[in-house]
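*Asks:* Attaching a single structure in structure tokens format; questions to follow.
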Amino acid sequence: MLLLLLFLIPALAAQPKSVAVSVRNLSGREVMVYWLSPSGERVPQTPKPTKHGSSASINSYEGHRFEVRGTDAHEKCDMWASMGECKKNPRYMLKSCAGACGGGGRATFAVADVEEFLTVDRDWSVSRESFALRARRLLERIFDECGDESCGCAAPQIDQFLAEKVSEVELEIRISGAPPSLVVEPPSCDARACIDEVVSAADHLDRAAKELRKGTKEKAERLRNESCAVPERPTTFQDHPNVSLWWEGRRVRDLFHYSFMPEARISMVEDFVTADECREMMARARPRLQRATHAHDGDLTHVSEARDAQQATVTLPAVQARTISLANFLSNYSLPSDGQEALMAIQYTRGQQYMLHCDGSCDGTPFLSGGRLATVLMYCQNADEGGATTFPNAGVHVSPALYSAVYFHFRHPTTNLTEAWHTEHSGCPVLSGEKWVITHWLRAGVSKEQPASRFSPFGGPNN
Ligand SMILES: O=C(O)CCC(=O)C(=O)O
Ligand SMILES: [Fe+2]
């Protein structure tokens, strides 16, 4: 039965579905779990506080945000805190209204679109429960419900649970080109034996996925360095020689075959910006450039970015409107123009580069509202040597053409899943001269009221 899983692709509904979330409190104190409403209200999720060591169960929807924090002794604590009482009257407030004053610490998280078991630890970090432990809990519940009919009744649910991880492993196997080494035996019919076998299979799959990811990451880095090492390498166009696509009088060329992978389109648009616009954006950015040596590790630990360059935000409405219009033309996203990030001007001098990274989430996990899902990269000044952009997992290399733009998106048009790794990319080291790009990282789920600054680039709240 489990052997069949290798050919199962989980179908994900585009509709928002209710998601069960269990929040285990290991913070060392009594807490309340609050839903953070879009208007900024804090709505308690349980009638009573959750003690240290116990769990709160909530039902929510993908992208909804929650806060976990210490309890307050008085219902007016929030109001008093907003009036500045934490500072004026610290002795009472920090004891009785520690939650409202932030003294007891707090944790926030956004709901993904799968059932999750979250743990809030003593340092208020939120961890997502291991796959094997989730398997054990699920199987115990299934066998409780299935009773004597356990074997036939449990099978489809086990298949469904493991399918997600199996496809993650399959994907890594595909990217790495490693021969499949996954052998999964059909589990026993006896409940206890079955639970142990499936938990061990879950653990095995999880480890295999992690191990393979490490390998594919190393491979991507090797390919990237090989690509960067040939600075004269031309752009790898993959479009049909006899078919041209035009957008607003500009030629669009495909760099990656989006027809069989619509979630990872990579295209190039000639003459996307004018020399005047580039001059203007660079001139505005120049006096405000700041050295960026390292950005953060996001929520998802395997997504990290590191750049060695100078950068500054700039606003130029005509260019911003154009990037959104292009994105909407090359995708079916209908991105809003309100609430988007400003443009980012990035200057690289000799030796500087941008290591392999995804601009948002590009690891096949569900897209979270507010996150980035597309990028428009405009080449405003080319290095004399070096400074290409490479997408090693897609086999795409871009030798920048002045004033052109590279467009790529990384969310599937219908399933709401982010694409897996093909849009991971990097800026090769500049060997001589100076390179300037203007990047527009585009978001979905933002608005005037809920602008990009409220969300992490990976979606969910910006902590
Ligand atoms: O400079 C490049 O070629 C890449 C820049 C980039 O990846 C970004 O701005 O996100
Ligand atoms: Fe990037």
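*Asks:* Just the residues that are near ligand 1 (Cβ under 9 Å from one of its atoms), closer than 16 Å to residue 423 by Cα and not in a strand (DSSP E or B), please, taken from region 359-398. Walk me through how you get there before you give the answer.
*Replies:* Filtering region 359-398 down to residues near ligand 1 (Cβ under 9 Å from one of its atoms) leaves 359, 375, 377, 379, 387-390, 398.
Filter once more, so that each one left must be closer than 16 Å to residue 423 by Cα: 359, 375, 377, 388-390, 398.
Scanning region 359-398 gives 359, 388.
*Asks:* Moving on to the next point. Residues in region 201-216: is at least one among the basic types (Lys, Arg), out of contact with any Asp or Glu (no Cβ under 9 Å at 6 or more places or on another chain) and within 30 Å of residue 404 (Cβ to Cβ)?
*Replies:* There is no residue in region 201-216 that is among the basic types (Lys, Arg), out of contact with any Asp or Glu (no Cβ under 9 Å at 6 or more places or on another chain) and within 30 Å of residue 404 (Cβ to Cβ).
*Asks:* State which residue is surrounded by the fewest Cβ atoms within 10 Å (Cβ to Cβ) when the search covers only region 356-373 and only residues that are closer than 24 Å to residue 225 by Cα and within 12 Å of ligand 2 (Cβ to nearest atom).
*Replies:* Ranking the qualifying residues of region 356-373, first place goes to 357.
*Asks:* Looking at (1) surrounded by fewer than 15 Cβ atoms within 10 Å (Cβ to Cβ); (2) within 15 Å of ligand 1 (Cβ to nearest atom), which one does residue 338 not meet, given that it meets all the others?
*Replies:* The single condition residue 338 does not satisfy is (2).
*Asks:* Consider region 24-46. How many of its residues are in a loop (DSSP other than H, G, I, E, B), within 26 Å of residue 134 (Cα to Cα) and not β-branched (Val, Ile, Thr)? Step through it out loud before you land on a result.
*Replies:* From region 24-46, those in a loop (DSSP other than H, G, I, E, B) are 26-30, 37-41, 45-46; that's our starting set.
Among the residues that remain, those that are also within 26 Å of residue 134 (Cα to Cα) are: 26-30, 45-46.
Next, only the ones that are not β-branched (Val, Ile, Thr) stay: 26-30, 45.
Qualifying residue count, region 24-46: 6.
Every residue, every condition in (1) touching a Phe, Trp or Tyr at 6+ places or on another chain (Cβ under 8 Å); (2) in the same structural domain as residue 424 (by TED's automatic domain parsing); (3) free of Cβ contacts under 8 Å to residues at least 40 places away in the same chain, yes or no:
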| residue | (1), (2), (3) |
| --- | --- |
| 167 | no, no, no |
| 170 | no, no, no |
| 192 | no, no, yes |
| 203 | yes, no, no |
| 208 | no, no, yes |
| 265 | yes, yes, no |
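*Asks:* Could you give me the residue pairs with C-beta distances under 7 Å whose first residue belongs to region 88-108 and is at pLDDT 85 or above, whose second residue is surrounded by 14 or more Cβ atoms within 10 Å (Cβ to Cβ) wherever it lies, and which are 6+ apart or on separate chains?
*Replies:* 107/68; 107/120; 107/124; 107/126; 108/65; 108/66; 108/67; 108/461
*Asks:* What strands (runs of 3 or more DSSP E) completely inside region 408-463 contain at least 3 residues that are within 12 Å of ligand 1 (Cβ to nearest atom)? I'd like the intermediate steps shown before the answer.
*Replies:* Values: elements: 425-427, 430-432, 435-443.
The strands (runs of 3 or more DSSP E) meeting that bar are 425-427, 435-443.
*Asks:* On the basis of being more than 15 Å from ligand 2 (Cβ to nearest atom) and either assigned to a helix (DSSP H, G or I) or at pLDDT below 95 (or both), does residue 338 make the cut? Break it down into steps so the answer makes sense when it comes.
*Replies:* On the way: more than 15 Å from ligand 2 (Cβ to nearest atom): yes; either assigned to a helix (DSSP H, G or I) or at pLDDT below 95 (or both): no.
For residue 338, the condition - more than 15 Å from ligand 2 (Cβ to nearest atom) and either assigned to a helix (DSSP H, G or I) or at pLDDT below 95 (or both) - is not met.
The values are calculated or read from the model by the stated rules, or taken from the named source; none is laboratory data. Please read these numbers as outputs of a predicted model, since none were measured by experiment. Backbone-built Cβ (ideal geometry, glycine too); neighbour counts: all protein chains shown.
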